[in-house]
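Reading through the structure tokens given below for one structure.
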Amino acid sequence: MASYRTNKETQAAIESIITNADKQLILVSPYIKLTNTWLARIKACAERGVKVKIIHRAGELKSDELSLLHTIKNVEIKSTNNLHAKCYFNEQEMIITSFNLLESSEKNWEMGILVNKNEDKVIFDNAMRDVLIIFNDSNSHSLTSVQNHYQQKLQHKVVARKNINEGFCIRCDDNIKFDVEKPLCRECYEEWSEWEDDEYPESYCHFSGEDSDGETSFAKPILKKNWKKAKEVFAL
């Protein structure tokens with residue numbers, strides 16, 4: 001029957017789900033930055049002939065990360081807007097969790113609920129149905145399209161920095177007013193406010209707009225390397 005998993009147990013459950021997949025593996029994670037271990041597990045799984053499907057949040061998968069995944073056969077990658085769910089499953093087991101496929105998530109307080117297809121059929125089937133709906137409604141993309149996306153974002157940042165009052169949303173990278181106490185755009189703030197976790201790892205630096213690899217948060221919206229410059233520019 002369904003059982004609770006702590007942070008370390010959640011990591012172990014995800015690893016077991018990947019390792020024991022026989023025909024299919026579906027990974028749903030808004031933010032993805034794979035450790036070498038995760039990448040090796042997924043690669044070994046795909047090389048056994050398992051069909052791997054990955055769903056992430058649109059605009060959040062870096063081109064270098066996508067490049068690594070595109071070296072693996074039998075992997076289909078899709079993206080969708082406003083994805084916040086995290087769910088990992090094979091034919092027999094599924095874990096619904098707060099855990100993103102990020103190295104930083106291994107250090108956070110995370111939790112999960114492990115579900116077995118035979119013992120928890122209703123939960124398993126309902127969750128799988130929703131995941132497949134999300135997958136079918138998501139967009140496939142190529143490596144080239146993602147690289148173009150990030151190039152456009154970089155050009156956008158160069159122009160945006162001409163306005164001294166401009167900052168960047170630490171979750172979606174949109175231009176907003178620079179304010180270290182309000183480093184999220186309205187839409188992302190509403191999403192964040194559901195949990196109000198000041199330490200939840202975010203994706204961008206509020207000052208520069210560059211990728212932060214989860215090193216920024218609501219409590220610490222500016223990368224350490226940019227803090228001195230930000231203090232000078234905004235008299236913090």
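General remarks:
- Between the beta carbons of Asp22 and Trp227, assuming R0 = 45 Å, the FRET efficiency works out to 0.40 to the nearest 0.05.
- Size descriptors for the stretch 3-143 (Cα atoms only): Rg and Dmax, in that order, 13.8, 40 Å.
- Within the chain, helix-based [θ] at 222 nm, where runs of 4 or more DSSP H residues each add -39,500 (n - 2.57), nearest 500: -11500 deg cm²/dmol
- Sites matching trypsin sites (Lys or Arg not before Pro) across the stretch 1-91 that sit in DSSP coil, with at most 13 neighbouring C-beta atoms within 10 Å: Lys23, Arg48, Lys73
- Taking amide H as placed 1.01 Å from N in the peptide plane, Lys51 has its amide H under 5 Å from the amide H of Gln24, Leu25, each at least 5 places away in sequence or on another chain.
- Contact order normalised by residue count of the stretch 161-234, Cα under 8 Å, 6+ apart, percent: 29
- Take every Cα pair under 8 Å whose residues are at least 6 apart in sequence, average their separation, divide by the length of the chain, and the relative contact order is 17 percent.
- Computed extension gain for Arg186 through Asn126, at 0.36 nm per residue and net of the alpha carbon distance, reaches 18.5 nm.
- Only lysines eight or more places from Lys51 in sequence, or on another chain, were considered; those with a Cα closer than 16 Å are Lys23, Lys43, Lys73, Lys78.
- Proximity of backbone amide H atoms, modeled 1.01 Å from N, is registered between Leu102 and Lys33 at under 5 Å, excluding neighbours fewer than 5 places apart on the same chain.
- Ranking Trp195, Ile72, Gly49 by how far each Cα lies toward the positive end of the dipole of the chain (charges on Cβ) leaves Ile72 at the top.
Every number in this text was worked out from the coordinates using simple rules, so none of it is lab data. Note that the structure is predicted; figures quoted are calculated from it, not measured. No Cβ is skipped: glycine too gets one built from the backbone with ideal geometry, and neighbour counts run over all protein chains shown.
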